[in-house]
Structures are given as structure tokens and as C-alpha cells.
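Asker: Here it is, the structure, as C-alpha cells.
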Amino acid sequence: MSYCFILMECWRRSKCIIFHSYMTDSNIKASREPEGFYVWFGEGVVMESRGERSDVPMRMVVGETEIRLKQGDITREEVDAIVNAANSGLLGGGGVDGAIHRAGGPEIMEECRQIRARQGGCPTGKAVVTGAGKLKARYVIHAVGPVWRGGDGGEEELLRSAYRESLQRAAERQLQRIAFPSLSTGAYGYPVDKAAPVALSEVIRFLKEENHSLREVRFVLFNEETYQAYETALSRLKES
Ligand code: ADP
């Protein structure tokens, strides 16, 4: 990361850049916080770039609901419901699914088994709800996104449907805060730069057009590349 790039990036994100004199270690580091963008320079200078809230592109307000992007592990989120990128057998797996079952304990899988016995699982594009075991959230909404097969197999509509269904399950329970991972962009191979605008535009559409009690929709994105794709998509949607 060059100084020039960092400066341009800070300027793009904010209205004001502040330099502080500060002792730090010798590497350039950057971190993004909700209130701004911070860069540590080796010479003992911290540059703090502050945007006004409405200028920070990782948030968007739709009516009374805030859409927020953050990088992190969804199993730690304190929200009413976290969404799981499940498979249609509700059998558990790797990725975020494995992480949720590991952190939440066996109760979640037991409820998944009961749903499977009752209705044979959860088709692609649909979502079902269980409790959240040991997690801080109250519910887990298990949503099944599509496997990417090149884009001509109805993947976009199925991905929209997985987000829409998850929001419907939350609205049915009058939930206020829900956290999503990036559905389908891990093992299911949906390119994240294509998935991010689909995910965000469907959430925005839902918040504008459907009855709901939601006050916050949080996207908890596991790595930098995924975060960047969502940030770019949200910036574009805000401009359009
Ligand atoms: P899918 O099978 O729907 O592609 P994956 O779990 O393989 O689901 O991946 C979906 C996304 O979830 C990927 O971006 C992956 O990096 C991310 N992910 C994996 N673990 C976590 C976690 N603990 N919190 C949030 N996101 C996660």
C-alpha cells in the first residue's frame, strides 16, 4: 500500500484529514472504523480521516432502517437474528454454517433435524428459522442461496429470494436487528462482485416496499475482498 494510494483513499472516503503526531511501530497500517479511516505511518504520525456520518459509504439509511457493512465474524453479533448460509439439507457444513453450529452448540442442529423431518429440508431460495443455542442472537435464519453455475441458471433470482425470505422470516417475528453474511459467495462460488449488488438492492427494495419492523440490517463480511465488494456496491446504489 503506497502513501499516495492511502491519501487518495482517505480523501475519497472523507471530508477532512487530520494529522496527529504519535509514536507507532514502523509499518504502515490502515484500519476502517465506523466513524472514519485511520492510517498509522512509520514516522510516528497517525492520519485520521473523518467523514460526516452520511458520507461514510458503509452505511445507508432506508426509511427508519440502517443498512450497515462491517468486517467480522457473524457468530459474535448481538442482534435479534443472524442469517446462516445453509444447504438445502440443513445438514451443516463448512464456512459460515460450520462456524454457526460450532459456536451455537448442538441445539441448532437438533432443530434443523426436526425441520428436515417435518418438511424435508429447505429448498434453494428459501429460509427457515431455529433458535440460536449459545449464540448472542435469539434466532438463526437458515437461508439457502444458489450454487453459481455461470449465471444462466436463475442464480440471481434465487439469491434475491434467499435475502427476501430471510427478511420475511425476521419481519414475521417483528425483529429489529438482523445480520447477514455474504450468501453463496464462499463454497457456492457466486462471484462476490456480482452477488453484492444483488444482495444490497434486494434488501433496499424490501425495506422500501414491504411491511417490517427492522431498524438495522447488518452485513458482516468475513474478509477484506468481500467487504470491498459490498462497499463498492453500496456506494454505487447510494449514487443511483
Ligand atoms: P456458501 O456455501 O453460501 O457460499 P460459505 O459459508 O461457504 O457459504 O461462504 C459464504 C460467505 O461467508 C463467504 O464470504 C465466507 O467468507 C463467509 N464466512 C465464513 N465464515 C464466516 C463467519 N464466521 N462470519 C461471517 N462470514 C463468514
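Asker: Could you list, in sequence order, the residues of region 96-137 that are surrounded by fewer than 19 Cβ atoms within 10 Å (Cβ to Cβ) and within 12 Å of the ligand (Cβ to nearest atom)?
Answerer: Across region 96-137, the qualifying residues are GLY98, ALA99, ARG102, ALA103.
Asker: Here is a follow-up. Being at pLDDT 95 or above, outside any helix (DSSP H, G or I) and either farther than 22 Å from ARG205 by Cβ or touching a strand residue (DSSP E or B) at 6+ places or on another chain (Cβ under 9 Å) (or both): is that true of VAL140 here?
Answerer: So VAL140 passes the test.
Asker: Related question: Determine which member of the set GLU209, GLU172, GLU231 is free of Cβ contacts under 8 Å to residues at least 12 places away in the same chain and in contact with a strand residue (DSSP E or B) (Cβ under 9 Å, 6 or more places away or on another chain).
Answerer: Just one listed residue meets the conditions, GLU172.
Asker: So which residues in region 217-240 are within 9 Å of the ligand (Cβ to nearest atom) and crowded, with 16+ Cβ neighbours inside 10 Å, if there are any at all?
Answerer: VAL220, LEU221, PHE222, THR226
Asker: Output the residue which, of all residues in region 175-214 that are of a type in the set (Ser, Thr, Tyr) and buried (at least 18 other Cβ atoms within 10 Å of the Cβ), is farthest from the ligand (Cβ to nearest atom).
Answerer: By that ranking, first place goes to TYR190.
Asker: Can you go through GLY125, GLY89 and tell me which one is on the phi > 0 side of the Ramachandran plot and in a loop (DSSP other than H, G, I, E, B)?
Answerer: One residue alone meets the criteria, GLY125.
Asker: Residues in region 160-169: is at least one among the hydrophobic types (A, V, I, L, M, F, W, C) and within 16 Å of the ligand (Cβ to nearest atom)?
Answerer: Yes, region 160-169 contains at least one residue that is among the hydrophobic types (A, V, I, L, M, F, W, C) and within 16 Å of the ligand (Cβ to nearest atom).
Asker: Please find, among GLY154, GLY94, GLY150, GLY125, the residue that is assigned by TED's automatic domain parsing to the domain that holds VAL198, of a type in the set (Gly, Ala, Ser) and closer than 20 Å to ARG169 by Cα.
Answerer: Exactly one of GLY154, GLY94, GLY150, GLY125 is assigned by TED's automatic domain parsing to the domain that holds VAL198, of a type in the set (Gly, Ala, Ser) and closer than 20 Å to ARG169 by Cα, namely GLY125.
Asker: Mind checking which strands (runs of 3 or more DSSP E) fall wholly inside region 37-85 and carry at least 3 residues that are surrounded by 15 or more Cβ atoms within 10 Å (Cβ to Cβ) and modelled with pLDDT of 55 or more?
Answerer: Where strands (runs of 3 or more DSSP E) fall fully within region 37-85 and carry at least 3 residues being surrounded by 15 or more Cβ atoms within 10 Å (Cβ to Cβ) and modelled with pLDDT of 55 or more, they are 59-62, 65-71, 81-85.
Asker: Please find, among GLU66, GLU77, the residue that is touching a residue at least 24 places away in the same chain (Cβ under 8 Å), more than 10 Å from the ligand (Cβ to nearest atom) and acidic (Asp, Glu).
Answerer: So the residue among GLU66, GLU77 that is touching a residue at least 24 places away in the same chain (Cβ under 8 Å), more than 10 Å from the ligand (Cβ to nearest atom) and acidic (Asp, Glu) is GLU66.
The values are calculated or read from the model by the stated rules, or taken from the named source; none is laboratory data. Just so we're clear, the structure is a prediction, and the values are computed from it rather than from any experiment. Reconstructed Cβ throughout: ideal geometry from the backbone, glycine too, with neighbour counts over all protein chains shown.
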